[in-house]
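Chemist: Sharing a structure below in structure tokens format, with a few things to ask.
Every number in this text was worked out from the coordinates using simple rules, so none of it is lab data. In this text, all values refer to a predicted model and were calculated from it rather than measured experimentally. Every residue, glycine among them, receives a Cβ derived from its backbone with ideal geometry; neighbour counts consider all protein chains shown.
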Amino acid sequence: MTAESKKQMFTRLREVRDDIACLTNWLGLELDKFDDTEIESSPENFDWGNVGTLGAVRCEMLEILSFISGFDTEEIEDNLKDPNNDKTANDTQEIGAMSDILDKYVQNCDHVIAECLCKSD
């Protein structure tokens, strides 16, 4: 790979990484619509469809994290359980936890890119 090609690749990598960070933040804003305050103040706005929606998002997030991390979805689900392992956190907390994991992954990309650039010089 030429130096110019590497430079273009790292530029695109940063762009894609930043897009993922923005999408992750946007997901967090969408989850705020389901926080306890919203549920308690307007319970009439929620139904089982919301549970299905969050469940589908949870399922997709498990697949995404499995894809980018290399961990099985079962391993990721095990990490979502509470410290006492006696129950699983609710879907909103789980999605928030997965969002946090994605955020940390995205933040680590800069470090990896910097290391690769140093090695290529």
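Chemist: Would you calculate the separation in nanometres between label points at I64 and E77, each defined as 7 Å from the Cα along the Cα-to-beta-carbon direction?
Modeler: 1.9
Chemist: Among T24, T53, rank each residue by its count of other Cβ atoms within 10 Å, from fewest to most, as a rough exposure measure. All intermediate terms of the calculation are to be shown ahead of the outcome.
Modeler: On the way: T24 18, T53 13.
So the residues, fewest neighbours to most, are T53, T24.
Chemist: How many angstrom separate the Cα center of the range 65-80 from the Cα center of the range 17-52?
Modeler: 22
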